[in-house]
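Student: Handing you this structure, nothing more for now.
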Amino acid sequence: MVTETKIDLWFWHLDATVGDIARWRKHLASDELERMSRFMFSKDQERYTICKSRVRRILGWYLGISPRDVMFATTGRDKPVLADRAAGIAFNLTHTDRLACLAVTRGEAVGVDLERVREVKDDFIAYALNPDEHARVLSLDPDARRHAFFRYWTAKEAYLKATGTGLWQSLKTFDVEVPVISTLGELTRGALPRVDDPSERDRNWHLYTFQATPAHIGALALAPPTNAEIRICSRWISSQAWV
Ligand SMILES: CC(C)(COP(=O)(O)OP(=O)(O)OC[C@H]1O[C@@H](n2cnc3c(N)ncnc32)[C@H](O)[C@@H]1OP(=O)(O)O)[C@@H](O)C(=O)NCCC(=O)NCCS
């Protein structure tokens, strides 16, 4: 039987162009307020507050409860999940300088990563990628190489975030295949041709990369049921919405 797996990718900017930060802060739990207060600069406190507030607002919408009532738990390697597992909603968050993205789906492992495209040293490319991936990236001219590297890097991180192991697992225990170019907003399908971990190898992994803005590359990983039709919806939230 064909089922549908829908994934919502919610994007928002983290800069507080919305005035009174107290309106955002009221959604946060005490541990989040404590973590927020540890940032030295008020700009970082504001970005953190907006990020966590949006996450609560969005997840509260799926659950039909107020943002303040959303409860979190963590899995073995500190992946945040909803405490209410019976709700069957999986999510994953990524943020990089001024942009955030939350992936939300029903019941499936999901991981998402965003990176700002920037200069990377060849040593780091060699550290992060397997020989075939490395050779493909190094065959490109320097500008294309930067973009290609972040396609591989975000794809690898999205997979590790979907499994929940994060960067505790070596980036060399699996291979990814991703297109090195796509246009703004377009999602392109990648693949995981080799996964060493026997508990993950036989899952129906789907990998996508995308250019979120001219400066940001992202990737999404999920393991839906076999035969599922995948539907991915991107939604940008304006700075004023949903305070
Ligand atoms: C979790 C991890 C993959 C995040 O990568 P990143 O590019 O820095 O950050 P992103 O913005 O993409 O993701 C951050 C979010 O991922 C989520 N996250 C945290 N741990 C996670 C895990 N194990 N799996 C999936 N998601 C996780 C959280 O929501 C986090 O948001 P928060 O920091 O606001 O709480 C990475 O930091 C990690 O694996 N850390 C643990 C291992 C480690 O520190 N190793 C050090 C040697 S490299």
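Student: Please check which bits of the range 113-155 a label hung off K43 would reach, taking the label as a point 7 Å along Cα-to-C-beta and the cut-off as backbone N under 20 Å.
Tutor: 115-119, by backbone N distance to the label point.
Student: Sticking with this one: S30 to W236: FRET efficiency via 1/(1 + (r/R0)^6), r the Cβ-Cβ distance, R0 35 Å, to the nearest 0.05? Kindly include the intermediate steps, with their values, before the conclusion.
Tutor: Working: r = 31 Å, r/R0 = 0.87.
The value I calculate is 0.70.
Student: Excluding T188 itself, what net charge comes from residues whose Cβ is under 13 Å from its Cβ, given Lys and Arg +1 and Asp and Glu -1?
Tutor: Local net charge: 0.
Student: Let me ask something additional. Taking only C-alpha pairs under 8 Å that are 6+ residues apart, what is the relative contact order of the chain in percent?
Tutor: Relative contact order for the chain comes out at 25 percent.
Student: Sorted by packing (mean other beta-carbon atoms within 10 Å per residue), highest first, where do 24-32, 214-222 land?
Tutor: In descending order of packing, they fall as 214-222, 24-32.
Student: Calculate the all-directions average of the projected area of the chain's alpha-carbon convex hull, and give it in nm².
Tutor: 13.7
Student: State to the nearest 20 debye the size of the charge dipole of the chain about its Cα centre, where the only charges are +1 on K and R beta carbons and -1 on D and E beta carbons. Walk me through the intermediate numbers first.
Tutor: On the way: 34 positive and 32 negative charges, 147 e Å.
Dipole about the Cα centre, nearest 20: 700 debye.
Student: Can you sort D175, D97 from fewest to most other Cβ atoms within 10 Å of each residue's own Cβ? Don't skip to the end; give the middle numbers.
Tutor: Numbers: D175 18, D97 14.
Fewest-to-most ranking of D175, D97: D97, D175.
Student: What's the local net charge at L93, with K and R +1, D and E -1, over the other residues with C-beta under 12 Å away?
Tutor: +4
Student: Summing +1 for each Lys or Arg and -1 for each Asp or Glu, what net charge is found among the other residues whose Cβ lies under 9 Å from the Cβ of L138?
Tutor: So the surrounding residues net to +1.
Student: By a straight-distance test (C-alpha under 19 Å), which lysines pair with K156 as possible cross-link partners, with residues fewer than eight away in the same chain excluded?
Tutor: Cα-Cα hits under 19 Å: K79, K121, K172.
Read-outs: derived from the displayed coordinates by stated rules, not from any lab. Source: prediction; values computed, not measured. Here the Cβ is made from the backbone with ideal geometry for all residues, glycine too, and neighbour counts use every protein chain on show.
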